[in-house]
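Notes for the one structure printed next.
The values are calculated or read from the model by the stated rules, or taken from the named source; none is laboratory data. Keep in mind it's a predicted model, so treat the numbers as computed, not measured. For neighbour counting, all protein chains shown are included, and Cβ atoms are generated from backbone atoms with ideal geometry for every residue, glycine included. With ligands, DNA and RNA removed, areas are computed over all heavy atoms of the protein, side chains included. Shrake-Rupley method; radii C 1.70, N 1.55, O 1.52, S 1.80 Å.
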Amino acid sequence: FFDFLKNFSSNIFLHLTVGGRISSIADIELHLKNGAEKICINSILGKNLLFLKESSKIFGKQCIVVSLDFRNGKDLFFNRGKEIINENIFDWAKKVEDLGAGEILLNDIDRDGKMCGLNIEIADKISNIVKIPVILSGGCGLGEHFIDAFKKTRIQGISASTYFSFKDQNFEQIRSQVINQNIPLR
């Protein structure tokens, strides 16, 4: 994997966030050493919430992204959606920000891959509770989904892998649609 990561990161010109099975400071170091610019964590926080504080102290908040995977508009999950956590999503978002998250990846498991529309309601609430960037994921299927999310929330980005994988769209086309709606982009 790390040979792939090193090769991939050296051939793209985008910031690369990598996650999955991150459970130690050594894991973060290894990913960063091999081309990741940011690390996304989730499951480890169900076992050791202070890992977030420790990792952000060592690597800086800008490096640590916390994935909030949720279902039913409220139930939080760890371990690829297999383990439920008994926490309110809004309280948890504020808690991870206070412990050192630099960004939140807000993932609606129920909508993921379905292209049925993004969860604007939850994204709006979360993006107004926290001061750090929120990236919305799960359900993007139309150009209007991007536009609605940016217009109706304070999110900073959208993760839309299914949209780009199964539609005849490219990044520049959706970027133009968003800009044409007077939504500022970097």
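Here are a few things to note about the model shown:
- Close pairs (6 angstrom Cβ cut-off, 6 or more residues apart or separate chains): under 13 Å from I89 (Cβ atoms) in the range 102-131, acidic (D, E) and part of a strand (DSSP E or B) anywhere: N107/D69; I109/D69; N119/D108
- Annotation: N11 fulfils all but one of (1) open to solvent by 40 Å² or more (accessible area, probe 1.4 Å); (2) among the polar types (S, T, N, Q); (3) within 26 Å of N88 (Cα to Cα); the unmet one is (3).
- Evaluation of V18 against the conditions (1) open to solvent by 30 Å² or more (accessible area, probe 1.4 Å); (2) more than 23 Å from I89 (Cβ to Cβ); (3) within 14 Å of the chain's Cα centre (by Cα) shows that the sole unmet condition is (1).
- Long-range neighbours under 8 Å by Cβ, at least six apart or interchain, first residue in contact (Cβ under 8 Å) with a residue 40 or more places away in the chain within the range 66-77, second open to solvent by less than 20 Å² (accessible area, probe 1.4 Å) and of a type in the set (F, W, Y): L68/W92; D69/F78
- Some residue of the range 160-177 being open to solvent by 30 Å² or more (accessible area, probe 1.4 Å), of a type outside the set (S, T, Y) and in contact with a helix residue (DSSP H, G or I) (Cβ under 6 Å, 6 or more places away or on another chain): yes
- The set of residues in the range 45-56 being open to solvent by 60 Å² or more (accessible area, probe 1.4 Å) and closer than 16 Å to I132 by Cβ consists of K53 alone.
- Among the residues of the range 137-144, not a single one is open to solvent by less than 70 Å² (accessible area, probe 1.4 Å) and of a type in the set (A, V, I, L, M).
- Taken over the range 153-186, the criterion of being in a helix (DSSP H, G or I) and within 20 Å of L68 (Cα to Cα) is satisfied by S161, T162.
- Residue under evaluation R111, criteria (1) among the basic types (K, R); (2) within 15 Å of the chain's Cα centre (by Cα); (3) under 17 Å from G19 (Cβ atoms), criterion not met: (3)
- Filtered by the rule that a residue be open to solvent by less than 20 Å² (accessible area, probe 1.4 Å) and within 15 Å of the chain's Cα centre (by Cα), the range 23-41 gives A36, I39, I41.
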